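Just so it is clear, none of the values below were taken in a lab; they were calculated from the coordinates. Keep in mind that what you see is a predicted model, and the values were worked out from it rather than measured. Because the Cβ atoms are built from the backbone with ideal geometry, glycine has one as well, and the counts that use them run over all protein chains shown.
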Amino acid sequence: MEPSDQSPKDCNRSSQTTTDIHVTALDGLVNVNSLFTIAVFVGLSVAAPGERSLEGKSACDAGIQVAENLLVFEVVAFSSFLFSSLVAQGLKLALNLLNSKNVDDAFRAHINIKVLRFGMLLSACGSVLGCIFLVLSMVNVIQIRLGLLSCGSQATARAVATLVILVSTALVLYISTVFYSFKQ
């Protein structure tokens, strides 16, 4: 059916379905960001400066610089997830308020799809940036708990390699999916 052939009632139904899909996608993004935000605070609570590594060699213990980097990366990750969630929540609020008019109205509120997509892209970028800094902070947590990477600890190297490979693969898939969905 051509868009011009649709009755106002059909347009409302189509607009509502599209709105529901966008709101559901934004809900998912906010929920994932919430889980990652919890991980930020867990990372901060697990690693304390001056803590001895499980490696057992004092030369492999992380210094104050690693603890400082951990704190900076955790704050940037938290800020990125908060930014992403606030943008997504703002978009959800706008979608819900614009389309909360009386169902009998001939036309729904017009939602500028370019603004919506830009906001969703900003939110996705905030999540990706948060993930990158969360990985960097987790590398520092691993170094504090298991020993510095420079010491050649097998446990540290395996943990960091697993973390980096899995998260970077997931981020590539996520970014690809976001760009694919914007081309449709």
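Scoring 137-149, 25-37, 155-167 by mean Cβ neighbours within 10 Å over their residues and listing the highest first yields 137-149, 25-37, 155-167. A simple spin-label model places pseudo-atoms 7 Å from Cα toward Cβ; at Phe182 and Leu86 they are separated by 2.1 nm. Remark: spin-label model distance Cys151-Tyr174 equals 3.1 nm, labels positioned 7 Å along the Cα→Cβ axis.
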